[in-house]
Amino acid sequence: MKVMKFGGTSVGKPERMHQIAELITAAKEPVIVVLSALSGTTNTLVEISNRLAASDKQSAIEKITTLENYYQNFIHDLLQDASILARANDMLNEHFEFLKITQKISLSDALNKDILAQGELMSTKLFSLFLEQAKIEHTLLPALDFMILDQNEEPDLALIQEKLNGLLENYPTINIFVTQGYICRNAKGEVDNLKRGGSDYTASLIAAALKASVCEIWTDIDGMHNNDPRVVDKTVAIEQLSFDEAAELAYFGAKILHPTCIWPAQQENIPVKLLNTMQPTALGTVIKKEAGSVGVKAVAAKDNIIAIKIKSSRMLLAYGFLRKIFEVFEKYKTPIDMITTSEVAVSVTIDSDIHLDEIITELNNIASVEVEQNQTIVSIVGNEIAKTDAVLNKLFQSINEIPVTMVSYGGSPHNISLLIPSEHKTKTLQLINKGLFDL
Ligand code: ADP
Ligand code: ASP
Ligand code: MG
């Protein structure tokens, strides 16, 4: 069994669905196809939800109508068989009726998640109808029947495995299964999701649950590049990354992968391949146990970081002081990304301001606190780069004009992270591209 996940741009046009059909039928083993929503759809659904939250019902309805027209055009391009087209039409009507009805109810968290789930529900049903028209035998597996979160809002891999295997047993002769990325159920049984970009996570969880031979992530670029191609002109694809390197890059901002999607595949030692739907013969990137080579592989940047400087001349070195600080972040379920300490101060960074006010209020009871917003973490990732000072020297020589506000070195042999004010991000990534990659 192998997993093939296709992202938003890979399903975003009718001709791309033709291409996906070719790729999945060429597979030499049974395949689970994980689909995202059509590109732009989840953004539009977020927008619809925001307008509903702001009681701006008129403009929410306008957004829904524009989206509906887009899907109507899409099915007319995709489907020629009259009876299948009629079923696609009925299916869309059902989903858009739901979206329109939400405008009459007040928005709860659960309803918001239901709205966000519509994209993947529609894309998979459309693709399934397209396969039916092409007479390609397959089964649609509802992700809401097996992708389950536990009480801590983390995927419950054991339960996912049990449910998924149970479902598959019903179809011993089927070789192509289609399912939704991103969407899941939480411990209360409500519709939920794996956060933005979460279809990659779905794919990796399914691969781990089924002990698949490979987890293929098909997207719009030929693999993980050495730098952010949206920011820097000259970037190149990386042939091989270790699980640890890929996890660091994903967590620290390489948008091609969901931040936490590597661990399930890593746990079962399943290779993850990043491939280009538009260029299927390109080599892509393979992510596996071995790093392949020593040295710098890539740099990534994560925006919207908040730095919190906690100062206490009296208590810092006292036993238990750090514990008290960490307990505040734990209480508000806010992970810390970077940390540095000195004799009298601790600086940490977080990427969420949801509980910032409460965290600051509580920290103020034990120390004095300064907050700096609009920061960016720049992470340099590679095999054993933090074991010698060669990379560190080159790095600081190449960015000597950038005001670095924090450095994290030695936490992992694969990562050197810097904190900079966000306005310097583009320049920093360009300088690193020259200084460390010679590009
Ligand atoms: P999908 O819709 O297939 O999930 P995403 O938009 O989530 O695709 O991810 C692919 C995009 O990630 C690329 O188009 C590229 O702009 C962006 N990206 C950011 N950093 C990198 C990187 N280091 N290597 C490759 N792509 C990157
Ligand atoms: N459709 C979801 C999103 O846009 C999930 C994904 O594409 O991975 O975030
Ligand atoms: Mg993505």
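The values are calculated or read from the model by the stated rules, or taken from the named source; none is laboratory data. None of the values given here were measured: they were computed from a predicted structure. Glycine also receives a Cβ, built like all others from the backbone with ideal geometry; neighbour counts cover every protein chain displayed.
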Q: Would you be able to say whether some residue in segment 92-109 is more than 16 Å from ligand 2 (Cβ to nearest atom) and within 22 Å of the chain's Cα centre (by Cα)?
A: yes
**Q.** Given (1) under 30 Å from Gln80 (Cα atoms); (2) in a loop (DSSP other than H, G, I, E, B), index of the condition Val178 fails
**A.** (2)
Q. What number of residues in segment 45-59 are at pLDDT below 95 and crowded, with 18+ Cβ neighbours inside 10 Å?
A. 2
Q) Can you find even one residue in segment 91-106 that is free of Cβ contacts under 8 Å to residues at least 12 places away in the same chain and of a type in the set (Val, Ile, Thr)? A) yes
Q) Taking interchain pairs and intrachain pairs at least six residues apart, which have beta carbon atoms under 9 angstrom, with the first residue in segment 411-439 and closer than 22 Å to Asp337 by Cβ and in contact (Cβ under 8 Å) with a residue 60 or more places away in the chain and the second assigned to a helix (DSSP H, G or I) and of a type in the set (Val, Ile, Thr)? A) Leu436/Val391
Q | Unmet requirement for Gln151, which otherwise passes all of (1) of a type outside the set (A, V, I, L, M); (2) assigned to a helix (DSSP H, G or I); (3) more than 16 Å from ligand 3 (Cβ to nearest atom) | A | (2)
Q: Show the residue pairs that are 6+ apart or on different chains and have beta-carbon atoms under 7 Å apart, the first residue being within segment 189-212 and closer than 20 Å to Lys113 by Cβ, the second being of a type in the set (Phe, Trp, Tyr) and part of a loop (DSSP other than H, G, I, E, B).
A: Asn193/Tyr182; Leu194/Tyr182; Gly198/Tyr182; Ser199/Tyr182; Thr202/Tyr182
(Q) Out of Val214, Val232, I need the residue that is over 21 Å from Asn43 (Cα atoms), β-branched (Val, Ile, Thr) and touching a strand residue (DSSP E or B) at 6+ places or on another chain (Cβ under 7 Å). Which one? (A) Val214
Q: Name every residue in segment 286-307 that is of a type in the set (Val, Ile, Thr), in contact (Cβ under 8 Å) with a residue 60 or more places away in the chain and surrounded by fewer than 23 Cβ atoms within 10 Å (Cβ to Cβ), in order of residue number.
A: Val294, Val296, Ile306
Q. Is there any pair with a first residue in segment 2-15 that is near ligand 3 (Cβ under 9 Å from one of its atoms) and at pLDDT 95 or above and a second that is part of a strand (DSSP E or B) and of a type in the set (Ser, Thr, Tyr) whose Cβ atoms are under 8 Å apart and which are 6 or more apart or on different chains, and what are they?
A. Gly7/Thr219
**Q.** Criterion (within 23 Å of Leu23 (Cα to Cα), away from ligand 1 (no atom under 16 Å from the Cβ) and at pLDDT 95 or above) met by exactly one of Val214, Val191
**A.** Val214
Q.
Please go through segment 220-231 and give me each residue that is buried (at least 20 other Cβ atoms within 10 Å of the Cβ) and more than 15 Å from ligand 2 (Cβ to nearest atom), ordered by number.
A. Gly223, Met224, His225, Asn226, Asn227, Asp228
Q | Selected residue [of a type in the set (Val, Ile, Thr), within 16 Å of ligand 2 (Cβ to nearest atom), touching a residue at least 24 places away in the same chain (Cβ under 8 Å) and farther than 29 Å from Met4 by Cβ] from Ile61, Ile48 | A | Ile48
(Q) Could you go through segment 329-340 and let me know if any residue there is at pLDDT 95 or above and farther than 24 Å from Leu418 by Cα. (A) yes
Q: Might you check whether a residue that is touching an Asp or Glu at 6+ places or on another chain (Cβ under 6 Å) and crowded, with 20+ Cβ neighbours inside 10 Å occurs anywhere in segment 398-418?
A: yes
(Q) Within segment 218-300, considering only strands (runs of 3 or more DSSP E) that don't extend past its boundaries, which have at least 2 residues that are within 16 Å of ligand 3 (Cβ to nearest atom) and in contact with a Ser or Thr (Cβ under 8 Å, 6 or more places away or on another chain)? (A) 272-276
Q: Hey, could you check segment 195-211 for residues that are within 13 Å of Phe146 (Cβ to Cβ) and within 16 Å of ligand 1 (Cβ to nearest atom) and say which is surrounded by the most Cβ atoms within 10 Å (Cβ to Cβ)?
A: Thr202
Q: Starting from segment 241-267, keep only residues that are surrounded by fewer than 23 Cβ atoms within 10 Å (Cβ to Cβ), then list their pairs with residues that are among the acidic types (Asp, Glu) whose Cβ atoms are within a distance under 7 Å, requiring at least 6 positions of separation or different chains.
A: Ser242/Glu290
Q) Out of segment 1-18, which residues are within 10 Å of ligand 2 (Cβ to nearest atom) and assigned to a loop (DSSP other than H, G, I, E, B)? A) Gly7
**Q.** Within segment 31-111, helices (runs of 4 or more DSSP H) holding 1 or more residues that are within 16 Å of ligand 3 (Cβ to nearest atom)
**A.** 41-53
Q. Of all the residues that make up segment 17-44, how many are more than 21 Å from Ile174 (Cβ to Cβ) and buried (at least 22 other Cβ atoms within 10 Å of the Cβ)?
A. 5
Q) If you check Ile217 against the conditions, is it surrounded by fewer than 24 Cβ atoms within 10 Å (Cβ to Cβ), within 18 Å of the chain's Cα centre (by Cα) and among the aliphatic types (A, V, I, L, M)? A) no
Q | Of all residues in segment 19-30 being of a type in the set (D, E, K, R) and in a loop (DSSP other than H, G, I, E, B), the one that is farthest from ligand 2 (Cβ to nearest atom) | A | Lys28
